[in-house]
1. Residues in the range 97-147 that are surrounded by fewer than 24 Cβ atoms within 10 Å (Cβ to Cβ) and touching a Cys at 6+ places or on another chain (Cβ under 9 Å): how many?
2. How many of the residues making up the range 43-69 are surrounded by fewer than 11 Cβ atoms within 10 Å (Cβ to Cβ) and touching a residue at least 24 places away in the same chain (Cβ under 8 Å)?
3. Consider Ala219 carefully, then state whether it is surrounded by 22 or more Cβ atoms within 10 Å (Cβ to Cβ) and not in a helix (DSSP H, G or I).
4. Looking only at residues in the range 168-197 that are over 28 Å from the mean Cα position of the chain (by Cα) and of a type outside the set (A, V, I, L, M, F, W, C), which one is surrounded by the fewest Cβ atoms within 10 Å (Cβ to Cβ)?
5. What tally of residues in the range 136-146 results from selecting those that are assigned to a helix (DSSP H, G or I) and over 15 Å from the mean Cα position of the chain (by Cα)?
6. Glu400 versus (1) at pLDDT 85 or above; (2) out of contact with any His (no Cβ under 9 Å at 6 or more places or on another chain): which is the lone unmet condition?
7. Please give the helices (runs of 4 or more DSSP H) falling wholly within the range 359-446 in which 3 or more residues are closer than 25 Å to Trp18 by Cβ and either open to solvent by less than 50 Å² (accessible area, probe 1.4 Å) or touching a Ser or Thr at 6+ places or on another chain (Cβ under 8 Å) (or both).
8. Quick check: is even one residue across the range 327-336 assigned to a loop (DSSP other than H, G, I, E, B), of a type in the set (D, E, K, R) and without any contact (Cβ under 8 Å) to a residue 24 or more places away in the chain?
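The values are calculated or read from the model by the stated rules, or taken from the named source; none is laboratory data. In this text, all values refer to a predicted model and were calculated from it rather than measured experimentally. Note: ideal-geometry Cβ built from the backbone for every residue, glycine included; neighbour counts use all protein chains shown. Just the protein is used for accessible areas: all its heavy atoms, side chains included, with ligands, DNA and RNA removed. Shrake-Rupley method; radii C 1.70, N 1.55, O 1.52, S 1.80 Å.
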Amino acid sequence: MKRLALGGAVGAAFILCWVGAGVEPSSLLDPANLRAVAAFVRGLFPPDLSPEFLRVAAGATVRTLAISIAGTALSAILGLCLGILATASLWRRGPLLDGRAAGPLALLSLAARGVARFLRSVPDLVWALLFVVAFGLGPLPGTLALAVSYAGVLGRVYADLFEAVPEAPVVALHAAGASPLQTFVAAIWPQAAGSVAAYTLYSFECCVRSAAVLGFVGAGGIGAEITVSMRLFEYGQLTTLLGALVVLVLCVDAFSRAWRGRFRRNAVHGSGVLQDPLELRPMRRGFGFFWAVVAVVAFADAGFGSLLAPDVLAHVARFASQLFPPDLSPSFLASILTPLWQTVAISVVGSVLGVLLGAALAVPATASIMFDPEARLRPLRALAYAVARATLALLRSIPELVWVLLCILAVGLGPFAGVLALGLHTAGVLGKLYAETLEEVPIGGPEELRAIGAHALQRLIWAAWPQARETLASYTLLRWENNLRVSTVVGLAGGGGLGLALYNAVQLGFYDRASTLVVVMFLLVSVTDALADRLRRKPAAQRAPESGMALVAEAG
């Protein structure tokens, strides 16, 4: 009875989200929209490969890379400061306190954790929009947006890494009379340095993807050129720019993987928790000078020279003063309810669409299923596997905001375009994660079912799924959290929700309303994170099944 009531409540909530997201499947078949999509597809080819535009695309790509490098460097510095202050074992609890009550430094530590949470809860595109108003158009606002947003992420991760190091060296130094900072430098940092470097490289990958879309609000880079090409209906240029973006992302991923190979690979990426400390290998001479030159060039190309212009700080101060106090009038707060509900609805329906598409593509993208040695039609299966993998790569390579612009052609402005954009990008991400999870399932259960004559689908349902469902559910929940953050900004490209309300407030100069909307976004993301953390709490440990037949018995 409880399950029936829960299922009914979930179904009713989804129907409300469906209505709130303005889903109208019939608009996909509207003749005018179909003609617009056909014209768009025809315009994509051939790509614009003229020397003049290739120079434009190359300059935008280099600028995007410079924004990413400078943003990552600043976020690492600020994140390290926040991480040290937020490390509970240094300031709030643990053997370093010797049983003493926590003092003012403990309050400072809690404040650092709160600042980090706020910085990472507000989407980087929102930070970019605010910095564009403060500093003007160009790459500098994008760099500062990445620095602020990812400082919040890295601050939390670094703090978790510092708390996870073995305590023995820490306690020994403290017993010898070392201060907390001396203990950190001599005992905590040497054990955590490799882990910090590995996760900072992963953060750089994320910054490159983020920098590619910050130009949608005027923050420079390849996103700004994509926006111009879309507005001028130069779809051949769009093909070239998207190709440049894909090449940039693939090159950065390859670079990051190669450098992460310098560390022992035992990090659980994305969680900030490591099984063991990582070790750095010695760096060759000359690399330090090389990276110093790269940093100088990146900061110069990222627009930091504009800070030397007169009246810049005065303009920033005027803008900051206009943000306060936030508009808390009852009429404005009431007007936020509709875009707030749209934002939640977009994230829910978009995530469900992504789960369905991703699951449908994950099965043919699973090597252990498609390359079954006993299966027939092996060439056809290999072709289906290649097509599924390529489709997933394409879906996740194009950022959500680019998908929004493309979906607007198909369904027009509004939240439904945001739903489709989130669904398509999420399908690419989750489809890959689902396929890899199914490939990593222990083969004992499926092989036992194969021995009694079960075919591939039966082995998937009765052996692979029961072992993988907890991991699949965790990935799905994490992706919904991410989609909720993204759904707050899809309106900046015409996808409805809080992002559209924020964009209108900034464009009209209602900065007090903009600050209110930023606080609402922060509260929405914080509440969602708390809910997701509660849902992810594991129940009491359960006994692992003894065999594949035991899995079948438990499922039945």
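1. Residues in the range 97-147 being surrounded by fewer than 24 Cβ atoms within 10 Å (Cβ to Cβ) and touching a Cys at 6+ places or on another chain (Cβ under 9 Å): 1 in total.
2. Initial filter on the range 43-69 (surrounded by fewer than 11 Cβ atoms within 10 Å (Cβ to Cβ)): 45-46, 51-52, 55.
Right, trim to touching a residue at least 24 places away in the same chain (Cβ under 8 Å) and you get 45-46.
Summing the residues that are surrounded by fewer than 11 Cβ atoms within 10 Å (Cβ to Cβ) and touching a residue at least 24 places away in the same chain (Cβ under 8 Å) in the range 43-69 gives 2.
3. Values: surrounded by 22 or more Cβ atoms within 10 Å (Cβ to Cβ): yes; not in a helix (DSSP H, G or I): yes.
Considered against the rule, which asks whether it is surrounded by 22 or more Cβ atoms within 10 Å (Cβ to Cβ) and not in a helix (DSSP H, G or I), Ala219 comes out as yes.
4. Gly177
5. Number satisfying all stated conditions: 6.
6. Checking Glu400 against (1) at pLDDT 85 or above; (2) out of contact with any His (no Cβ under 9 Å at 6 or more places or on another chain), the one that fails is (2).
7. On the way: elements: 367-370, 378-397, 400-411, 415-439.
Those helices (runs of 4 or more DSSP H) span 400-411, 415-439.
8. No, the range 327-336 contains no residue that is assigned to a loop (DSSP other than H, G, I, E, B), of a type in the set (D, E, K, R) and without any contact (Cβ under 8 Å) to a residue 24 or more places away in the chain.
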